[in-house]
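S.K.: Dumping the structure here so I can ask a few things about it.
The values are calculated or read from the model by the stated rules, or taken from the named source; none is laboratory data. On a predicted model such as this, the values are computed, not experimentally measured, just so you know. As a convention, Cβ positions derive from the backbone with ideal geometry for all residues, glycine included, and neighbour counts pool all protein chains shown. Ligands, DNA and RNA are stripped out before the accessible areas are found, and what is left, the full protein with its side chains, is counted by its heavy atoms. Shrake-Rupley method; radii C 1.70, N 1.55, O 1.52, S 1.80 Å.
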Amino acid sequence: IGTKPRTARDRIGRLYVLYDDISSTRHLKRFDVEGNEDTSFSISGLSGAVSSITDIAVDIKTDTLFFVNSMPTGWTLYFTNKENAFNLKGPFPIPIPSGYTADNTIQATIAAYNGMVYIALATNGFPQLHLLLAYEAVLSGSTLTLTHKATQELSKLRTDSAFGNNHTNCTGLFADESGVYCLLAENATQWASESYAVGTLIRYDYSGGTLTKKTEQGLNPAASGSDRPIPFDDQYFFYPTGFIG
């Protein structure tokens with residue numbers, strides 16, 4: 001994840017921050033709603049997994065903290081909560097739907113709400129796709145059962161063939177009682193004459209094993225054209241990078 005922090009909030013507003021310091025040492029800290037660090041907070045067993053974690057999420061209905069983790073064998077999920085005395089449990093393999101192969105070298109993002117876990121990850125191959133995956137997460141003591149419920153291929157932001165090699169990234173997910181918000185971003189910065197950065201926020205409702213696109217906003221309409229540079233316009237997203245909420 002480099003130095004860009006990943007964040008999540010629990011049901012009483014405490015903020016969890018996963019970040020790398022200047023020496024590239026990774027930390028997970030918790031802060032109260034006043035911004036004070038909870039120096040007594042720690043997760044047993046986290047040190048062995050923390051280096052390959054790409055995102056964190058808190059299910060505010062169950063106060064369960066989830067970590068999506070990249071391993072040589074594929075994407076996995078860890079969890080911890082107060083009932084487990086904040087001992088890390090996992091790894092639990094994330095089942096990938098048939099027909100897709102996940103790329104575990106590109107950051108995956110995660111959100112959770114009331115027993116549903118949403119994960120966005122990239123696929124191998126060309127053209128590379130980003131998938132939004134919905135899972136039912138059933139916790140029983142120290143075990144986790146993940147059942148795949150729905151798959152949605154996330155749209156590329158610049159659709160002209162001139163930008164076929166430029167990948168659209170999912171930079172953040174946020175879940176609530178009816179579905180998930182997905183933050184997408186795409187850029188190219190190789191040459192000043194061709195540089196651009198665009199983004200969008202898409203809302204998907206989840207119901208009955210289906211993800212349905214409901215709303216989309218923030219994408220510069222110039223993204224649909226073939227012009228390589230796109231002038232900055234503060235009415236639209238310019239490579240959005242994540243949620244705090």
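S.K.: Filtering the stretch 49-83 down to residues that are open to solvent by less than 30 Å² (accessible area, probe 1.4 Å) and part of a loop (DSSP other than H, G, I, E, B), which residue is farthest from Val117 (Cα to Cα)?
M.R.: Ala49
S.K.: Still on this structure: Between Thr171, Thr210, which is modelled with pLDDT of 90 or more, over 27 Å from Val17 (Cβ atoms) and polar (S, T, N, Q)?
M.R.: That would be Thr210, the only listed residue that is modelled with pLDDT of 90 or more, over 27 Å from Val17 (Cβ atoms) and polar (S, T, N, Q).
S.K.: A follow-up question, please. Restricting the search to the stretch 15-24, which residues are open to solvent by 40 Å² or more (accessible area, probe 1.4 Å), hydroxyl-bearing (Ser, Thr, Tyr) and either modelled with pLDDT of 85 or more or closer than 17 Å to Ile60 by Cβ (or both)?
M.R.: Within the stretch 15-24, Tyr19, Ser23 meet the criteria.
S.K.: Quick check on this structure: which one of Asp233, Asp205 is loosely packed, with under 15 Cβ neighbours inside 10 Å and in a loop (DSSP other than H, G, I, E, B)?
M.R.: Result of the check over Asp233, Asp205: Asp233.
S.K.: Sticking with this one: Please determine whether any residue of the stretch 33-54 is closer than 22 Å to Thr147 by Cβ, in contact with a strand residue (DSSP E or B) (Cβ under 6 Å, 6 or more places away or on another chain) and among the small types (Gly, Ala, Ser).
M.R.: Within the stretch 33-54, none of the residues are closer than 22 Å to Thr147 by Cβ, in contact with a strand residue (DSSP E or B) (Cβ under 6 Å, 6 or more places away or on another chain) and among the small types (Gly, Ala, Ser).
S.K.: Of everything in the stretch 135-150, what is over 14 Å from Met116 (Cβ atoms) and either under 20 Å from the mean Cα position of the chain (by Cα) or among the polar types (S, T, N, Q) (or both)? Give them in sequence order.
M.R.: So in the stretch 135-150, the residues over 14 Å from Met116 (Cβ atoms) come out as 140-143.
Matches in the stretch 135-150: Ser140, Ser142, Thr143.
S.K.: Also, quick follow-up: Among residues belonging to the stretch 186-202 that are surrounded by fewer than 22 Cβ atoms within 10 Å (Cβ to Cβ) and among the small types (Gly, Ala, Ser), point out the one that is modelled with the lowest pLDDT.
M.R.: Among those residues, the one meeting the criterion is Ala192.
S.K.: Go through the stretch 208-230 and count every residue that is part of a strand (DSSP E or B) and in contact with a Phe, Trp or Tyr (Cβ under 8 Å, 6 or more places away or on another chain).
M.R.: The qualifying residues number 4.
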